[in-house]
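J.: Dropping a structure here in structure tokens format, bear with me for questions.
Computed from the coordinates by the stated procedures, all read-outs in this text should not be read as laboratory data. Quick caveat, the model's predicted, so the values are computed rather than measured. Note: ideal-geometry Cβ built from the backbone for every residue, glycine included; neighbour counts use all protein chains shown.
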């Protein structure tokens, strides 16, 4: 994508369909006049009077306890500098989005039109009664230090400048584990810091608390080593100034144990790295280009322990590992501040989590790679679902122990359950899937690439590194559309109908004819079919000229699935093909089957569909809890439709006793664990959170997923094909660009899994 196209895409993202990235959503009913009279006048007077009697009741009756202000004056926006308060608003909205999706915290972004420290502080103090916490953002140093110090002292709610402390907290956790792996002690370390801004200073301050000695820290800014004779240094920088002549970065790095980079890209050479001590710890966190490239560093020294700020290398120091959960813990105990004890608790919680067994969901995000504590895994992944239940409680406990918690937690298990419920609001599954695909991208045929939306999806797949598109369709149209959308890249374009493809068409036709000649297909028929893109695409996958295919955007599902079933075999040991849709609901990912293939499956077929869906869920790191749904509950109807579901469940209980599955069940009982446990305590699903639904027929499954998608705006990935020997996946007619990108990622993961199985057999 050229620069102008990227710009247009970014502007469209922020402007359409609604400007901005966050909104206010009512949390109470408002349908009737009675509801409105409770929400506003006269009912609203009652909580007002209660708060007037006891100001602490504001946490009981309003959103204050879950509301954080993200506040800036736009003087130091990352990568953009002093762009002003209005121009910084998209960044602040983005921070609000992260708070919400990672920790369930609501945010108002506040952009303040002043550079005067006193005015800024007074403004924040004046609006503070609205909020449970204050996140300062993108304020230039040294003003940011003074602003934070004053607000921490003068307000009785948590205040944190994430630009300073976020990186410090996450990298400190990484440092603790790196030191352990290197067999070194903090107090013996020589550390060189490239960068002397707020983040670098905050990191150094926290490292000192971990044991690194001040006298062993050499800090550089863009002009060189900080020295006592430099009058331009701030008071905070003076702390790290050396009483000695200036030396170069290369000289300082000789025998250094730790390099911390928060400066600019490519300033560290291999020679500098070679000069460091054994088992050097290198945190190169400049973005997007680190101080030294990860691959170059690893190639230079096998003993290096390295972290960067990038997601495509191991050990990403990402602030999202910290601030959502730090504020979550602080808010939940109504902490009056975020103190050093709470920051250190977050550090130690993150460090400890990296040593624990990694959940399969996280491993799934990294493909075949099993993450274990070591040089390539010293801090948890942002995908780790345990972060909220580990970091937030640690911060909350530290607040209580240090005497700043006004609402102590007494039942920690109940608290962790409440945190897990918040996690369901964003299951991160799409990010997990995309990341998994990028680990080992595959060749994907886009069989309808001469359609604009399909080509846009292929472009995203290519540019994001999800896969390598092969574009099928009218070449002239594809080339023209590529120019129109700025799709630039070395991708294969194939028009199955042109003369240049005659040899390949005939080869594919002959192969197909040999497999179907006793099923009424003549060679001439086969040759004609190979001029059709879906048949051609299927043969490309069959013959190993592509790894996967996606199609169906412009044609009905039955017309696209037919050639796939004709040309591509079922997987070994599979007797039925089915589909599942992965729905991204507020309670987490839900799998619904069969949404597209089997019209009225028998009891035996339902059992097989349940097994395949269970395996699909596991492929994405989800432990399946399966309800086989009906209009009946455990024999309340003897109708054939309900009976076959009951029969399928009986078969699975007898032959697959470890499967967590039950039915037949009505959907409301399946999705309400408390109601199910109360009425049917004998059920294998009692008290459990169901995440997979198997429907008795195609119409019920298809209608349900489409109702969820349209009425509740639930994101859907699918229908995902189950039981095929090759990775082929078919879009629903008119699928959106986003849906097609997600399906392409699924196709890549499917290809990865099938490749693993082939290698295991061989």
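J.: What distance in nm lies between label points placed 7 Å from Cα along the C-beta direction at residue 651 and residue 29?
T.: Taking the simple label geometry, residue 651 and residue 29 are separated by 4.4 nm.
J.: For Cα pairs less than 8 Å apart in space and 6+ apart in sequence, what is the mean separation divided by the residue count of the chain, i.e. the relative contact order in percent?
T.: 9
J.: Give me the percent of DSSP beta bridges within the chain that run antiparallel, rounded to the nearest 5. Can you show the working numbers first?
T.: Details: 18 of 73 bridges.
In the chain, DSSP labels about 25 percent of beta bridges as antiparallel.
J.: Label the stretch 165-317 by shape, choosing from rounded, prolate and oblate, from the square roots a ≥ b ≥ c of the eigenvalues of the Cα gyration tensor; if a/c is under 1.5 it is rounded, and otherwise prolate applies when a/b is larger than b/c, oblate when it is not.
T.: Verdict is rounded for the stretch 165-317.
J.: At q = 0.09, 0.17 Å⁻¹, what log₁₀ I(q)/I(0) does the stretch 340-481 have when each alpha carbon counts as one equal point scatterer in the Debye sum?
T.: Summing over Cα pairs of the stretch 340-481 leads to -0.46, -0.97.
J.: Using Cα centres only, tell me the gap between the stretch 372-419 and the stretch 542-614 in whole Å.
T.: What the calculation gives is 40 Å, centre to centre.
J.: Next up: I'd like the FRET efficiency for residue 122 and residue 485, computed as 1/(1 + (r/R0)^6) with the beta carbon distance as r and R0 of 51 Å, rounded to 0.05.
T.: For residue 122 and residue 485, the calculated efficiency is 0.55.
J.: Could you give the distance between the Cα centres of the stretch 677-724 and the stretch 232-309, to the whole Å?
T.: 52
J.: With angles folded into 0 to 90 degrees, how steeply does helix 603-619 sit against the dominant principal axis of the chain? Use alpha carbons for both and round to 10.
T.: 30
J.: Can you give me the angle between helix 117-127 and the longest principal axis of the chain, using Cα atoms only, in degrees from 0 to 90, rounded to the nearest 10?
T.: 60
J.: Further, regarding this structure: Treat each spin label as a single point 7 Å out from the Cα along the C-beta direction, and report the residue 615 to residue 251 distance in nm.
T.: My value for the distance between the label points is 6.6 nm.
J.: Mind checking the full-extension length gain between residue 686 and residue 569? Use 0.36 nm per residue of separation minus the Cα-Cα distance, one decimal, nm.
T.: In short, 38.2 nm is gained.
J.: Continuing with this model, one more query. Going 7 Å from the Cα of residue 402 toward and past its Cβ, which residues in the stretch 135-155 have a backbone nitrogen under 11 Å from where you end up?
T.: Within reach of a label on residue 402: no residues.
J.: Relative contact order of the stretch 530-627, please, whole-number percent, based on alpha carbon pairs below 8 angstrom and at least 6 residues apart. Each step should come with its number before you reach the end.
T.: Working: 74 pairs, mean separation 16.7, N = 98.
Over the stretch 530-627, the number comes to 17 percent.
J.: Need one word for the stretch 1-155: rounded, prolate or oblate. Basis is the Cα gyration tensor (sqrt eigenvalues a ≥ b ≥ c); a/c below 1.5 gives rounded, then a/b vs b/c decides.
T.: Oblate, since a/c reaches 1.5 and b/c is not below a/b.
J.: So if we plug the beta-carbon distance of residue 674 and residue 230 into 1/(1 + (r/R0)^6) with R0 = 51 Å, what FRET efficiency do we get, rounded to 0.05? Working shown, then result.
T.: Working: r = 66 Å, r/R0 = 1.29.
Working from the Cβ atoms, E equals 0.20.
J.: Mind checking the full-extension length gain between residue 303 and residue 519? Use 0.36 nm per residue of separation minus the Cα-Cα distance, one decimal, nm.
T.: 71.6 nm
J.: Also, quick follow-up: Determine, from the Cβ-Cβ distance of residue 623 and residue 52 and an R0 of 56 Å, the FRET efficiency 1/(1 + (r/R0)^6), rounded to the nearest 0.05.
T.: 0.70
J.: Against the longest alpha carbon principal axis of the chain, how many degrees, from 0 to 90 and to the nearest 10, is the axis of helix 387-401 turned?
T.: For 387-401 against the chain, the angle is about 30 degrees.
J.: Using Cα pairs closer than 8 Å and at least 6 residues apart in sequence, work out the relative contact order for the stretch 578-723, in percent.
T.: Details: 284 pairs, mean separation 54.9, N = 146.
Relative contact order here is 38 percent.
J.: Suppose only helical runs count, i.e. DSSP H with n ≥ 4. What mean residue ellipticity at 222 nm does that imply for the chain under -39500 (n - 2.57) per run, divided by all residues and rounded to the nearest 500 deg cm²/dmol?
T.: The helix contribution divided over the chain gives -14000 deg cm²/dmol.
J.: Another one. Report the label-to-label distance for residue 587 and residue 660 in nanometres (one decimal), using points 7 Å from each Cα along the Cα→Cβ vector.
T.: 1.3
J.: Another one. Gain in length, residue 213 to residue 11, computed as 0.36 nm per residue apart minus the alpha-carbon separation, to one decimal in nm? List each step's numbers first, then the result.
T.: Details: separation 202, 0.36 × 202 = 72.72 nm, distance 4.72 nm.
Taking 0.36 nm per residue and subtracting the Cα distance, the gain is 68.0 nm.
J.: For 404, 347, which order do you get if you count the other beta carbons within 10 Å of each Cβ and list the fewest first?
T.: 404, 347
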